[in-house]
Every structure is written in structure tokens, then in C-alpha cells.
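Take a look at the structure below.
The values are calculated or read from the model by the stated rules, or taken from the named source; none is laboratory data. Computed from a prediction, not measured in an experiment: that's the story for all the values here. Here Cβ is always computed from backbone atoms with ideal geometry, including for glycine, and neighbour counts include all displayed protein chains.
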Ligand code: SF4
């Protein structure tokens, strides 16, 4: 029997799980709710994570836009996804939820914009300066 310790990441309680694997049988202990059991089992059979990252935008004024996976992605595919994201540049405008990569690696999981950038303008200097009356 093989025993693995993991911390459940489904909520801030962070239960310490002990996952026992014996042939094809997986048992989980230390969880305070059923989510911990399914998390522990999936860590053995098909570990997945929601991926967040940033992608460069085509602009000489703005840097990048946050993106995330539309669903948890198999952990083994994350390095390839990050390599692709960090080597690409996207054009503006981008709206929240726009698909940046469709059906990544045949998983039916999209990479979507987690922010909005309609143009490359910074806020004008006028908007950034506070008047004396606003400072009081
Ligand atoms: S097992 Fe349940 S209570 Fe514990 S961290 Fe996971 S989701 Fe939270």
C-alpha cells in the first residue's frame, strides 16, 4: 500500500489528507467534507488545476492581459500551456471572457480573458492629477 499526503485546496480550511492507494482502491482520510474525498481521489487518477497567467498585448503602451482556463486543466498539460501563453501576443480590443485559445490540446477547455482592455490608452494625465480641493 502506498500513502500520499496532500492538502485539500478546495477551501481555506486546508484539510490535511492522507490518500492510501492499494492496487486500484483509493481511500481518503482527513477530509472534513465530501469535496476533500473527490479531490484526494482525483489527485491520484487525474490531477487538475485552474490555470491563471498573463498574455502580452499588441500595444506600445500596455503590457498584458490576465487569462485563465475555463475549467481545471490536467496538470501534465500546464507546462505546454504556459510555454504557449508566454510566447504569444494578442491584439486589442479584448473583452472579459473572450477566447484566447480554443480547445487547448483537444481538452475542450478554452483559455479566456480574465480582464478587459478595449484600447491601448493609459488614463489621461488630467484624470490622474487631483485638484487641490480634491486633496483636502
Ligand atoms: S475537505 Fe472540505 S473542508 Fe476540508 S479543505 Fe477540502 S473542501 Fe475544505
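A few comments on the model shown:
- In the stretch 55-73, the count of residues that are part of a loop (DSSP other than H, G, I, E, B), more than 20 Å from the chain's Cα centre (by Cα), within 16 Å of the ligand (Cβ to nearest atom) and modelled with pLDDT of 95 or more is zero.
- In a residue-by-residue description of the stretch 91-110, the property of being modelled with pLDDT under 95, outside the structural domain of residue 6 (by TED's automatic domain parsing) and assigned to a strand (DSSP E or B) applies to at least one position.
- Which numbered condition residue 79 misses (of (1) in contact (Cβ under 8 Å) with a residue 24 or more places away in the chain; (2) closer than 30 Å to residue 15 by Cα; (3) under 15 Å from the mean Cα position of the chain (by Cα)): (1)
- Condition broken by residue 14, with the remaining ones in (1) touching a residue at least 12 places away in the same chain (Cβ under 8 Å); (2) at positive phi satisfied: (1)
- Looking only at residues of the stretch 30-48 that are more than 9 Å from the ligand (Cβ to nearest atom) and exposed (fewer than 13 other Cβ atoms within 10 Å of the Cβ), we find that the one that is nearest to the chain's Cα centre (by Cα) is 46.
- Output for the stretch 8-29, where each listed residue is surrounded by 15 or more Cβ atoms within 10 Å (Cβ to Cβ) and near the ligand (Cβ under 8 Å from one of its atoms): 8, 15, 17
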